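Colleague: Handing you a structure now.
The values are calculated or read from the model by the stated rules, or taken from the named source; none is laboratory data. Keep in mind that this is a model prediction, so the values were computed, not measured. Glycine also receives a Cβ, built like all others from the backbone with ideal geometry; neighbour counts cover every protein chain displayed.
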Amino acid sequence: MAGGDRSDDTLTRGRALALVAIGAAVISVTALFVKWISLGPSAIGAYRCGFAAAALGAWVVVARGRTPATAATGASGRAWLYAVAAGACYAGDLYVWHRSILLSGTGLATLLANTQVFWVALLSALLLGERLSWRLALCAGLALLGVVLLAIPGIAASPLHLHGIGLGLATGVFYAGYYLCLRASQREVRRLSLAANLWVTCAVAAVLLFAAAAVTGESIPWPGGRDLGLLLLLGVGAHVGGWVAISRGMTVVPAATGSLLLLLQPVLATIWGVVVFAEPFGGYEVSGTLLSLGAIYAAMLTRAPGPR
C-alpha cells in the first residue's frame, strides 16, 4: 500500500491496550518538562511540536528514502484531512489549556481538560456507532472522580474564574477532537504511515502555535542550551515516543476505552511531581490515585460491546 501499512491488523486487543497505556505513561512526564524549562507555556508547546515534527520527518526520510509528503502520496484525501484536523485540535488544546492554568490553576485546568473522556464516549457513540457498556461508563466515572480528588487541593488554592473554566472545558473538547481525528486518520484504508501521520499533526500544530504567538504578540525566544536540550527530550523523546505507542494501539482499542486509558496521564503526572519535586501527597492524592488506577485497570479488563 503506497500511503501506509496495515501492520496493526494482527495486533491483539491486549497488546493494543498495553501500547495505549504505555504511551499515556510516557506523555505523563511532559508535566515535568514544563516545570524544568524556563520558557513560557506557549513557547514550550510550539517547540515541542516543532522538534517532534522534525524528528518524525527524519524518521520517514531514513525509513522510506523520501520526504514525508512524497512518501504518503498514496494516502487518501480523508486521511490527510483527518491528520491536519488532529494537528489543529492539538494546537487548540495546548493553547487554551495553558491559559486555563493561568486563570484557574493547574488542578481545575487539568480536571476540566480530562472531561475529554466523556466527549470521546459521546462523539464515538453518535458518529462512529460505538456502544458504551455500563461497566465502561462506570469505570470512566470512577476514574474521573479520582482525577477530581487529585485536583481538589489545587482547586482549593485557586479562585474560580468563569473564563478559565470555559477555557478548561474547551481544552477537553479539543483533546477529544485530537484523539478522534488522529484515530480516524489511522483507520483509513489508504492512510499515511504512522510516522508520516504524526509528522503532519505535529507540523500543523507547531505552525498554528507559532502563528498564534505572532498574532497575539507573545514572545517565543530561541531557547538557551539547557532549555534546548530539555525541549529536544520533550519533543523527540516524550511526545514522539508516547504518541507513537498510542497511535499504534488506538486503532484496535475502542475510542472510549482509549480515552479512558489517557487518564493515566494526570494520575502519573501527580506521582512524578511527588517523586521529583517532593510535592504534597496527602489523603486526597492517595485516594484519587488508587481510585483512578483501579478504575482504569478494571476498564482494561472490560470488553466493549460491538458496533450498533
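Colleague: Hey, among Leu182, Leu232, which residue is of a type in the set (A, V, I, L, M) and out of contact with any Ser or Thr (no Cβ under 7 Å at 6 or more places or on another chain)?
Modeller: Within the list Leu182, Leu232, the selection yields Leu232.
Colleague: Oh, and also: Pick out the one residue from Leu192, Leu169 that is outside any loop (DSSP other than H, G, I, E, B) and of a type in the set (A, V, I, L, M, F, W, C).
Modeller: None of the others qualify; the one that does is Leu169.
Colleague: Another question about this same structure. Cβ-Cβ under 7 Å, sequence separation 6+ or interchain: first residue in the range 19-44 and touching a residue at least 12 places away in the same chain (Cβ under 8 Å), partner of a type in the set (D, E, K, R). Which pairs?
Modeller: Leu19/Arg248; Ile37/Asp227; Ser38/Asp227; Leu39/Asp227; Ser42/Glu218
Colleague: State yes or no: is Val252 without any contact (Cβ under 8 Å) to a residue 24 or more places away in the chain, of a type in the set (A, V, I, L, M) and either farther than 18 Å from Leu94 by Cβ or outside any helix (DSSP H, G or I) (or both)?
Modeller: no
Colleague: Of all residues being within 17 Å of the chain's Cα centre (by Cα) and among the aromatic types (Phe, Trp, Tyr) in the range 189-245, which is nearest to Val60 (Cα to Cα)? Just the residue, please.
Modeller: Trp199
Colleague: Could you please give the count of residues in the range 103-151 that are more than 18 Å from Gly273 (Cβ to Cβ) and assigned to a loop (DSSP other than H, G, I, E, B)?
Modeller: Selection size over the range 103-151: 6.
Colleague: Here's something else I'd like to know. If I filter the range 270-280 for residues that are crowded, with 20+ Cβ neighbours inside 10 Å, touching a residue at least 60 places away in the same chain (Cβ under 8 Å), farther than 20 Å from Gly92 by Cα and out of contact with any Cys (no Cβ under 6 Å at 6 or more places or on another chain), do I get at least one hit?
Modeller: Checked the range 270-280: at least one residue is crowded, with 20+ Cβ neighbours inside 10 Å, touching a residue at least 60 places away in the same chain (Cβ under 8 Å), farther than 20 Å from Gly92 by Cα and out of contact with any Cys (no Cβ under 6 Å at 6 or more places or on another chain).
Colleague: Residue check, Trp222 against (1) part of a helix (DSSP H, G or I); (2) out of contact with any helix residue (DSSP H, G or I) (no Cβ under 7 Å at 6 or more places or on another chain), all met but one. Which one?
Modeller: Here Trp222 clears every test but (1).
Colleague: Could you please let me know if Ala176 is within 24 Å of Val236 (Cα to Cα), at pLDDT below 90, within 20 Å of the chain's Cα centre (by Cα) and surrounded by 23 or more Cβ atoms within 10 Å (Cβ to Cβ)?
Modeller: no
Colleague: Let me ask you something else. Restricting attention to the range 226-239, does a residue exist that is within 27 Å of Leu19 (Cα to Cα), in contact with a Leu (Cβ under 7 Å, 6 or more places away or on another chain) and surrounded by fewer than 23 Cβ atoms within 10 Å (Cβ to Cβ)?
Modeller: no
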